[in-house]
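Working notes, beginning with the structure itself.
Computed from the coordinates by the stated procedures, all read-outs in this text should not be read as laboratory data. Just so we're clear, the structure is a prediction, and the values are computed from it rather than from any experiment.
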Amino acid sequence: MHQILLTLHSANRWLVLIFLIYAIFLSARGILRSRAFGKHDNFIRHFTATISHVQLMLGLGLYLISPTVKFNSAIAETHLWIDEHNFFRYVHISLMIISVILITIGSARARRMQTDGEKFKTMLLWFSLALFVIFIAIPWPFSPVANRPFFRSF
């Protein structure tokens, strides 16, 4: 079960990143070109929020059963501010919850805005903030704290 959730969580992160970046691109293009906020823009707004919620549910399920979170192995003291276990136990989960909250707020506020420009600006602001937080919280392969591969397999 752990490996399945880990693989799904790893694969789904790319969907979240792709749709989030695409939504930011659509928002910026909508502002620059003074476009109307159409059905496609609304679908991307909604789907980006939905896929981020799915990612959060996969992550919370993984958080509950992950040995990395449950068990703190006896590691020699490192000179980093935070070790891998504490990164996943506190930092990763906190920042990812914050990013999903930012996406949700941005999606809900954009839906309620009256003008097309306001919708695009709201999406651009909130989704960009969420993307920034996500980039900080992802355990990239080059991270000194907690590194994971770009792609996982079963």
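Residue by residue, the stretch 51-60 carries 3J(HN,Hα) couplings of 5, 5, 5, 4, 4, 5, 5, 4, x, 5 Hz when phi is fed to the Karplus relation 6.51 cos²θ - 1.76 cosθ + 1.60 (θ = phi - 60°); x denotes Gly or Pro. The distance linking the stretch 1-69 with the stretch 90-131 is 12 Å (Cα centroid to Cα centroid, whole angstrom).
Let me check I have the definition right: for the stretch 3-66, take the eigenvalues of the Cα gyration tensor, multiply each by 5, take square roots. What are those semi-axes in whole Å, largest first? Intermediate values should be presented prior to the final figure.
Details: eigenvalues 184, 19, 11 Å².
Output for the stretch 3-66: semi-axes of 30, 10, 7 Å.
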